[in-house]
Structure formats: C-alpha cells, structure tokens
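The next block holds one structure in the form of structure tokens; read it before the comments.
The values are calculated or read from the model by the stated rules, or taken from the named source; none is laboratory data. Small disclaimer: the values here were computed from a predicted structure and weren't measured. Here the Cβ positions follow ideal geometry from the backbone for every residue, glycine too, while neighbour counts run over all protein chains shown. Accessible surface is based on the protein model in full, side chains and every heavy atom, while ligands, DNA and RNA are left aside. Shrake-Rupley method; radii C 1.70, N 1.55, O 1.52, S 1.80 Å.
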Amino acid sequence: PYTSESPKHRSPAAELQKLKEAFRGKYGQMPQFFACAPGRVNLIGEHIDYCGYAVLPMAIEQNILAAVSVSDSKTIQLANTEPKYKDFTVSADGIFIDRENPQWHYFFLCGVRGIQEHLSLSSLAGMCCMVDGTIPASSGLSSSSALVCCAGLVTMEANQKHLSKVTLAETCAKCERYIGTEGGGMDQSISFLAEEGTAKLIEFNPLRATDVRLPDGAVFVIANCCVEMNKAASSHFNMRVVECRIATKMLAKARGLDWSHLLKLGDLQKELQVSLEQMLELVEEVLHPEPYSRDEICKTLGISTEQLCEDILSANTQHATDFKLYQRARHVYSEAAHVLQFKAACDSSPANAVAQLGDLMNRSHASCRDLYECSCPELDQLVDICLQAGAVGSRLTGAGWGGCTVSMVPGERLDSFLQTVREHYYVPDARRSALEKQSLFVTRPGRGAAIFIEG
C-alpha cells in the first residue's frame, strides 16, 4: 500500500533531486528507494492523547524525506542534508539510544529499533540513509515524530517486511519512549493515517481514524513564534504526563476504585461510566486548586516517597516537589469535550460553523495557557496578533512552550491577515524577520507516509 508510482505529490522534483545528489555525493551510489513521513498540525485536542482522549490533527505538506540503499555491511549509516546534523554510523546489531542526549540520529534509531523489536528481527539489514526535512525543528509540527515514522518505514522496507499503517503507527508511537518522551500517539498516527483533503479524528485503544471535513470558506494558517522547545530535552512535557497520572489515581481513590492500575484520566472516565461534564464536577469536588506536595499525595494514596518515585514519577521528573493536579485534570476533561464539539460542528456544518470552530479554538488556547500552562509569552502575543488580524480562532498547536500557532481565517481576510501578522510579529524583530518565510504559511490537509521507488 506504500508504493507510489508518482511521488511528485509528496516530494517536489527539486527536493528529490537535491536529496539524490546529496546521497550520491556521500555514498558514491544511487538510492534504491525513498520514504517520506509528513509533519502535522493539531487543530484541537492538546495534551490529551496520552490521557486516552481523541484528537483532531491533519498532516501538512512539510515532511521528512529519506533516500536509502540496502547493503550487507551490517552497519546503519546516517547522514543529513543539513550540515548541523552530524553523520552517525552504528552496528546494525548494536543499536544504542542515549536518552540523556536527544540528537537527531537517536530519533531515527528509535524507529529502527521499534520495528526490529515488533518484528522480532534477530539481525537487521545494513543501510545507507540520507535524510532531508522541510519541517522546522522544535516547532510543534512534529518533526521528531515524523523522523521516527520515516525511520520505521525505511526499516520495514529495507528488511522486506510488510506492516499495516495502523501497526506502523502504534509501533512508532511506542518506540519514541526509547528517547524518554511519554507521548500518546497522535503524531505517529496522523503521519501514517492522513489522507489528502481531510483532517482526522484520531481515537485510541483501538487506534482508528475518522475523516473530518473542514468547512469551506476558511483556511488554516500556521505561524511559528520562533521559540524552540525540544520536549525530549526538558521535563515540562513528562511533568504534565505525571501530573495527569497522579490526578487519575487521586480521583480514583476518592471514588473507592482500585487506583493502582489506573494511569490515564480517560481510563478513569471509562471505569466510572460517566460523562465528561460529570468528570469535571468530580475534579471540582475532589481536587483543590493549590499545588499538591509529595507528602500530601503519598498520604492520600497511602504510599511511601520511594513508591511515588519508582512507580509514578518518570526518570526526568524525580526532582518535582509540587503538582498542579486540579488544573491539569480540568484542562484534559474540558479539552476532550472541545474535540468532540469541534467534530460535531464540522459534521453538521451549521451556517455559523466557522464562528463555532473559532470559538472552540480560542477556548482551547485559554485552557492551555491558564490551566495546563504550556504556552509562553511569545505564543500568547502571536495568538493575540492573529485574532486582531482577522482570525476567528487561534491557538498554540503541539506540545507548546514555544513552536507554532494555528489560526482559522475566513478566506476573504487571508491576504490582509498575513500582511498584518507579518508587520506586527515578524518585521519588528530581526531574528524573526529572517525566519519569516518558513514561519508563516497557509496549510491544507496532506497525505500520509509513503515508500516510493522513483519512476
């Protein structure tokens, strides 16, 4: 299902030619095949996939592209067209991923190792790979997950195996944990399951994707605030995962459930068999807005500090002393509702659909900013400028703490919107101004990951 006779839709000829020449210059031969995996923009549903809730992303045109030849060298050789990403060679039998040092090649090796383990391959084919990418790094558009997905696809093809798109997505979602990121699977799922012209509602356990037709008359514009955030290199992201995990256990305990096996706020809702509104009422009733200390959590759950550290905290959150359980749980349950409301408005397409969707995006951003605290001053400033420039809705997209906003803009306002955002956010700052060309762009739902042979 991955072979495409006409790869030009994904990879403009010039991009492919540049990659082929770089490959030949590096390895003295021509590649045997290419693989690509797109980045994504999440329209709504932030930080809830790892809590078990549905999200609503679409693939973008920007992608990670790899040229590959298979060898019997028993080594995996990696190179990148971007000189700042250094070459790396590793024995195919000795893949090691250093989670203390999240370099680009370790993300690639996450995908290799994930496929190897899923297929129980005792030995891997040797490979020469040259990687190129058009997704800005650390921008919240999923460049690292696209790299993992691309590597997974490359490994499957090089070892002459076949896996379904769903299996590839699930495997690549799990294997990003080798680098220490405890994500929920949205990024890998949309990278494989995307289809041109439609956004997707992605649901988990079991993984499934449903088409969501976006309304006519509005376009989505991505704007990068130019603050980089590498989620594998900081503890912000995993701290939120841990706070949601603890909130799940505290709420379950208050309801007399066996909390020890419950890890996700979504699983708790399933166990209680109540609505999202009722979960929000439970949060109000049980959790207090003041941060929880380690002592209070341990006392409530009847566990020792050692058990908290070993069983609940992740490797890079061992230092944490305060936990905002009320705020994180409130965000997750209200954001899960925003996603379902967004899909319902797209499906029923009322006359005021664009306004309804914009309002949901605005509420989502406010929740990310105030309850989940995953925004930053530059993102908030950019969202404000986008709304003043004519967007009906604007929000951070991706993990946050930097990266991009996504704005919904009525078609007739697009030109003046772009001009205003350019003048008010990019032009006044020399660094942003230099990055503007790749930082502000209209996006449409793109295709999913693919293997192709040129021809």
Practice task
Read through the list (1) farther than 22 Å from N42 by Cα; (2) open to solvent by less than 60 Å² (accessible area, probe 1.4 Å), then give the number of the only condition that R240 fails.
Solution key: (1)
Problem - In region 292-306, the residues that are surrounded by 14 or more Cβ atoms within 10 Å (Cβ to Cβ) and either hydrophobic (A, V, I, L, M, F, W, C) or in contact with a helix residue (DSSP H, G or I) (Cβ under 8 Å, 6 or more places away or on another chain) (or both) - result: Y292, R294, I297, C298, T300, L301, I303
Practice task
Go through region 216-226 and give me each residue that's open to solvent by 30 Å² or more (accessible area, probe 1.4 Å) and either in contact with a Cys (Cβ under 7 Å, 6 or more places away or on another chain) or not in a strand (DSSP E or B) (or both).
Solution key: D216, G217
Exercise for the section: May I ask you to list pairs of residues, at least six apart or on different chains, whose Cβ atoms are under 9 Å apart, with the first in region 186-202 being of a type in the set (D, E) and the second being in a strand (DSSP E or B) and surrounded by fewer than 24 Cβ atoms within 10 Å (Cβ to Cβ)? Expected result: E195/A209; E195/D211
Exercise for the section: Residues being open to solvent by less than 10 Å² (accessible area, probe 1.4 Å) and either at pLDDT below 95 or within 17 Å of the chain's Cα centre (by Cα) (or both): count how many of those fall in region 376-405. Expected result: 9
Fill in the blank from the handout: With criteria (1) more than 30 Å from A35 (Cα to Cα); (2) open to solvent by 60 Å² or more (accessible area, probe 1.4 Å); (3) outside any helix (DSSP H, G or I), M408 comes up short on (2)
Practice task
Evaluate the following for E157: is it of a type outside the set (F, W, Y), more than 23 Å from the chain's Cα centre (by Cα), in a helix (DSSP H, G or I) and buried (at least 20 other Cβ atoms within 10 Å of the Cβ)?
Solution key: yes
Practice task
Test A146 against the criterion of being within 30 Å of D211 (Cα to Cα) and touching a residue at least 12 places away in the same chain (Cβ under 8 Å), and give yes or no.
Solution key: yes
Exercise for the section: Just need a number here: residues in region 248-286 that are among the hydrophobic types (A, V, I, L, M, F, W, C) and surrounded by fewer than 15 Cβ atoms within 10 Å (Cβ to Cβ). Expected result: 2
Handout entry: Breaking point among (1) in contact with a Ser or Thr (Cβ under 8 Å, 6 or more places away or on another chain); (2) in a strand (DSSP E or B); (3) not acidic (D, E), for S69
Key = (1)
Exercise for the section: Could you look through region 170-187, keep only residues that are surrounded by fewer than 23 Cβ atoms within 10 Å (Cβ to Cβ) and among the acidic types (D, E), and pick out the one that is nearest to H236 (Cα to Cα)? Expected result: E182
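Okay, residues lined up against (1) among the acidic types (D, E); (2) over 29 Å from E290 (Cβ atoms):
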position	(1), (2)
S364	no, no
S375	no, no
E378	yes, no
E412	yes, yes
D429	yes, yes
S433	no, yes
Problem - Residue pairs meeting the criteria (Cβ under 6 Å; at least 6 apart or on separate chains; first under 14 Å from V421 (Cα atoms) and charged (D, E, K, R), in region 370-399; second surrounded by 22 or more Cβ atoms within 10 Å (Cβ to Cβ) and modelled with pLDDT of 95 or more) - result: E378/C225
Practice task
Looking only at region 165-195, count how many residues are in a loop (DSSP other than H, G, I, E, B) and at pLDDT 95 or above.
Solution key: 1
Exercise for the section: Within region 357-375, identify whether any single residue is open to solvent by 10 Å² or more (accessible area, probe 1.4 Å), in a loop (DSSP other than H, G, I, E, B), hydroxyl-bearing (S, T, Y) and modelled with pLDDT of 95 or more, and answer yes or no. Expected result: yes
Handout entry: Test for E310: is it open to solvent by 10 Å² or more (accessible area, probe 1.4 Å), within 30 Å of D98 (Cβ to Cβ) and at pLDDT 95 or above
Key = yes
Exercise for the section: Taking the options A59, A92, A22, A54, name whichever one is modelled with pLDDT under 95 and hydrophobic (A, V, I, L, M, F, W, C). Expected result: A92
Handout entry: Total residues in region 313-341, condition under 21 Å from G183 (Cβ atoms) and open to solvent by less than 20 Å² (accessible area, probe 1.4 Å)
Key = 15
